[in-house]
C-alpha cells in the first residue's frame, strides 16, 4: 500500500504536537502538512524545540492541510470541527476528530453539555466512535471517526468486561479519576498555572464534567440499557496520565476469579491492554509516552465492591495514539503500526 499522507490541524496544541511525534515515526504514514492559527508561517520546531532538525515543517493554512493529505486529524476545541469535517468529506478525505463535535449521538445531549448544535445532522450519522478495543469492526474503512478523549477511554476500558459478563450492577457506579495537567490544553489558565498547581491536588467539575454523557453513552451501548455514573475528576500536578479508579457493586455470585477470567477473555490478543498481575496496581508512570492501557482488578469482599483501575497516557491512548490507531484501521494498516512504543522504566 502507498504511504498515507496525514495532515494535522491544530498541530501546536499538546494533542496536535503529539500526533506529529507519532506520525514522524510511523512506517506507513507521512506527515504531509500542519496548520496552526496562532503560529501560521512558523516551523513546528520553533514552538517545540524538541523537534529541531526532526520536524521543521512550517505551519500552513487548514486549506493547505486538506489539499495535501489523505487523512486530516483535527486537534481543535469543540465547536470548530464540523465545518472542516464537511470540507474533508466533500474532498473525499478521511477525517479524525480529536475534539468532541462527533462523539455524542444525541444533538440534544450535545446542546446540553457543550452549548452547540449539529450543523449537518446527516454528516453526524456517518461518524463512528473510535474506541478500537470496543468498536473495531465499525471503524475499519470509515472516513469520519470521532476519537474519544482520555477519561472516556480509561473508564469504559476499565468496566466493559465486567459489564458484558453480567458480574456487576449497572447502577451506583463511581468513576474516581485523576488527570495530568496536559488534559487542560496548552493555553494557560489559573488552575494550570504552576504556583496554583504545584504541591496541590484537587477535584474539579464535580458531577458536571462534559465527558460524563460520553462515558454513559458507551456503557449504555454495551449494557443495552440506559446507564448513569458519578464522575469525579481530579487534577494531578504531573504532565501526563489518567488514573481511573471505578467502584461498582458486584452481583450475587461474582468473585475476583470470575471477574479476572472475564477480563482475560475479553482482552485476549489486545496488544494495547495490559492486565497486570493480581495485586499490582496500575500506575500512570508505567504507560507514559505509550498507547498502553494498564488494568488492575480488586475486590472488597466485606462490602461486595469491585474496583477496576486503569492507567493511560492522556496524550497517547487518550488522544493522539488512539487517533493513529484509528487511522490504521481506517486505511487497512496493521493496527499497531507506529505505536509499538516502549514505556520509560523510570
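The values are calculated or read from the model by the stated rules, or taken from the named source; none is laboratory data. Keep in mind that this is a model prediction, so the values were computed, not measured. Counting neighbours? That spans all protein chains shown, and the Cβs are built from the backbone with ideal geometry, glycine included.
Taking the stretch 6-17 as the range and being under 12 Å from residue 55 (Cα atoms) and assigned to a helix (DSSP H, G or I) as the test, only 17 passes.
Among the residues of the stretch 261-276, those that are surrounded by fewer than 16 Cβ atoms within 10 Å (Cβ to Cβ) and more than 30 Å from residue 25 (Cβ to Cβ) comprise 261, 264, 265. Residues satisfying the criterion are present in the stretch 103-123 (criterion: within 16 Å of the chain's Cα centre (by Cα), farther than 29 Å from residue 256 by Cα and not assigned by TED's automatic domain parsing to the domain that holds residue 274). Checked against (1) closer than 21 Å to residue 277 by Cα; (2) free of Cβ contacts under 8 Å to residues at least 24 places away in the same chain; (3) part of a loop (DSSP other than H, G, I, E, B), residue 261 passes all but condition (3).
Looking at residue 304, is it in contact with a helix residue (DSSP H, G or I) (Cβ under 9 Å, 6 or more places away or on another chain), touching a residue at least 12 places away in the same chain (Cβ under 8 Å), in the same structural domain as residue 175 (by TED's automatic domain parsing) and surrounded by fewer than 24 Cβ atoms within 10 Å (Cβ to Cβ)? Spelling it out, it is not the case that residue 304 is in contact with a helix residue (DSSP H, G or I) (Cβ under 9 Å, 6 or more places away or on another chain), touching a residue at least 12 places away in the same chain (Cβ under 8 Å), in the same structural domain as residue 175 (by TED's automatic domain parsing) and surrounded by fewer than 24 Cβ atoms within 10 Å (Cβ to Cβ). If you go through the stretch 125-145 and pick out every residue that is surrounded by fewer than 18 Cβ atoms within 10 Å (Cβ to Cβ), assigned to a helix (DSSP H, G or I), in contact with a strand residue (DSSP E or B) (Cβ under 6 Å, 6 or more places away or on another chain) and in contact (Cβ under 8 Å) with a residue 24 or more places away in the chain, you end up with 1.
Taking the conditions (1) assigned to a loop (DSSP other than H, G, I, E, B); (2) out of contact with any strand residue (DSSP E or B) (no Cβ under 6 Å at 6 or more places or on another chain) in turn, residue 122 satisfies each one other than (1). When 79, 25, 13 are screened for being touching a residue at least 40 places away in the same chain (Cβ under 8 Å), more than 26 Å from residue 333 (Cα to Cα) and out of contact with any strand residue (DSSP E or B) (no Cβ under 9 Å at 6 or more places or on another chain), only 13 passes. If the condition is being touching a residue at least 60 places away in the same chain (Cβ under 8 Å) and surrounded by 20 or more Cβ atoms within 10 Å (Cβ to Cβ), then the stretch 179-201 contributes 179, 180, 182, 183.
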